[in-house]
1. Hey, what D do you get for region B:11-90 in µm²/s if you plug the Kirkwood alpha-carbon radius into Stokes-Einstein at 37 °C and 0.692 mPa s?
2. Shortest first, in nm, what separates the label point of residue B:44 from those of the same position in the other copies (7 Å along Cα→Cβ)?
3. Rounded to a whole number, what % of the accessible area of region A:47-91 do carbon and sulfur atoms account for, probe 1.4 Å?
4. For chain B, what is the accessible area per residue in Å², given a 1.4 Å probe and the full set of protein chains?
5. If each DSSP helix of 4+ residues adds -39,500 (n - 2.57) and the sum is divided by the residues in chain A, what number results at 222 nm, nearest 500 deg cm²/dmol?
6. Taking 30 Å² as the minimum loss, tell me which residues in region B:18-47 lose that much accessible area going from the chain by itself to the full protein complex (1.4 Å probe).
7. What is the extension gain from residue B:55 to residue B:6, computed as 0.36 nm multiplied by their sequence separation minus the C-alpha to C-alpha distance, in nm to one decimal?
8. Over region B:11-90, what is the relative contact order in percent, taking alpha-carbon pairs closer than 8 angstrom and at least six residues apart?
There are 2 protein chains.
Amino acid sequence: MGVTKTDLFTKQQNELAQIAKAFAHPARIAILEILVESKSCINGNLVQELGLAQATISQHLRELKELGLIKGSIEGTSVSYCINSQKWEQVRSLFNGLFDQVADSCDSDSCC
Amino acid sequence: MGVTKTDLFTKQQNELAQIAKAFAHPARIAILEILVESKSCINGNLVQELGLAQATISQHLRELKELGLIKGSIEGTSVSYCINSQKWEQVRSLFNGLFDQVADSCDSDSCC
DNA sequence: TAATTACATTGCAATATTACGATTATTATT
DNA sequence: AATAATAATCGTAATATTGCAATGTAATTA
């Protein structure tokens with residue numbers, strides 16, 4: 001029904017899925033990459049860099065902000081966005097927690 | 001319009017976003033975790049483990065298989081699924097490629 | 001061969017996501 | 001205060017995703 005049955009899953013599973021959604025769109029990946037590179041914390045010239053409308057970018061930024069992956073601070077008439085490196089580390093270990101499990105269980109060649 | 005403008009982004013950005021979608025649903029996370037733990041490559045008793053209908057699980061399995069994250073082999077009347085550890089490593093480094101960029105650029109406290 | 005078992009596929013309804021034009025704040029400048 | 005600049009929000013259309021009942025398919029067993 002297009003509605004995820006969150007109650008069937010653990011808190012961690014739901015959390016990881018929620019975060020993964022942030023990465024599940026190329027525009028948001030692009031935004032994150034731009035913010036990472038220009039650590040000077042750029043604002044809405046994202047509209048120029050990417051070819052999307054202002055409203056669309058703003059929407060993606062909000063999603064990233066709601067998940068805590070980025071922070072935004074008002075800077076004159078514009079808004080300065082940047083990576084929230086603390087959250088970033090959390091997310092990294094959330095993913096690696098899953099990734100590493102396979103590495104652990106596959107040290108021999110017991111996998112198919 | 002609900003349609004992603006893939007042509008605006010790089011191949012890598014689209015690829016990472018595509019893979020991230022695999023992780024963007026708790027049922028698929030749960031499935032992957034179960035397959036990781038029971039490296040003996042379990043089949044559709046997933047239906048019992050998770051509380052979803054058989055058709056729903058099958059659909060999630062197909063998505064994971066199409067992305068190459070899991071493999072399935074016919075085993076009598078049932079199907080044995082397991083992690084594709086080769087692809088798994090690729091995915092891990094795809095994500096870490098992004099994650100590490102922040103670590104690199106934030107060694108001092110130049111971030112906001 | 002008929003019945004059974006285990007999955008995959010199809011078709012559909014409900015909800016979510018993506019995108020953008022238009023409008024509405026908010027702050028800065030004149 | 002009026003204007004400009006910048007970005008958030010609203011409303012809406014198009015498409016995607018999630019979930020399941022029903023049906024189809026392939027291998028196994030009686």
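The values are calculated or read from the model by the stated rules, or taken from the named source; none is laboratory data. Since this is a predicted model, take the numbers as computed values, not measurements. Methodologically, a virtual Cβ is constructed for each residue, glycine included, from the backbone with ideal geometry; neighbour enumeration extends over all protein chains shown. Surface areas here come from the heavy atoms of the whole protein model, side chains and all, with no ligands, DNA or RNA. Shrake-Rupley method; radii C 1.70, N 1.55, O 1.52, S 1.80 Å.
1. On the way: Rh = 12.9 Å.
Rounded, D is 254 µm²/s.
2. Its label point is 5.2 nm from the equivalent points in the other copies.
3. Working: 1180 of 2680 Å².
Carbon and sulfur atoms account for 44 percent of the accessible area of region A:47-91.
4. Details: 5990 Å² over 112 residues.
About 54 Å² of surface per residue is accessible.
5. Numbers: 5 runs with 62 residues, N = 112.
For chain A, the value works out to -17500 deg cm²/dmol.
6. B:20, B:23, B:24, B:25, B:26, B:29, B:33, B:36, B:39
7. Values: separation 49, 0.36 × 49 = 17.64 nm, distance 2.96 nm.
The span from residue B:55 to residue B:6 would gain 14.7 nm if fully extended.
8. 30 percent
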